[in-house]
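Asker: I'd like to ask some things about the structure below.
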């Protein structure tokens, strides 16, 4: 969306004829297509990573449960074991999902900051003190 806004504003302030406008529309369409494609690929990749990590954690949890001593099964009912197991799996999935969402958000923010700094290096005057202040707050 930011690319769309920036492109629209720059095309409004530049003067040109009809052929320039058609070129602007083509470039804008390519920018939107690239943004949608990158969003889609990012979600597919993050979902594959999430499912792979989740499967390994589930397998490790099941293997640990199966490797328990028989006395564990004698002391606890099947319902208690199943309830505890599903609660642990739910906790692992929620923690993992939150962690991966945080990483995704961090990468998007870092990419936006890098693009802005690349385009306007003078922004570093404001970014560095803001970053130091945010680290201090943290």
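The values are calculated or read from the model by the stated rules, or taken from the named source; none is laboratory data. These figures come from a predicted structure and were not determined experimentally. Glycine gets a Cβ as well: all are built from the backbone with ideal geometry, and neighbour counts include every protein chain shown.
Asker: Cβ contacts < 6 Å: first residue surrounded by 10 or more Cβ atoms within 10 Å (Cβ to Cβ), restricted to segment 57-74; second residue in a helix (DSSP H, G or I), any location; separation 6+ or different chain. Result?
Answerer: Here the result reads 57/92, each pair linking segment 57-74 to a residue that is in a helix (DSSP H, G or I).
Asker: I'd like to know if segment 116-129 contains one or more residues that are within 25 Å of the chain's Cα centre (by Cα) and modelled with pLDDT of 85 or more.
Answerer: No, segment 116-129 has no match at all.
Asker: On to the next question. Residues being out of contact with any helix residue (DSSP H, G or I) (no Cβ under 8 Å at 6 or more places or on another chain) and either surrounded by 10 or more Cβ atoms within 10 Å (Cβ to Cβ) or within 30 Å of residue 35 (Cβ to Cβ) (or both): count how many of those fall in segment 78-116.
Answerer: Residues that pass the stated criteria total 24.
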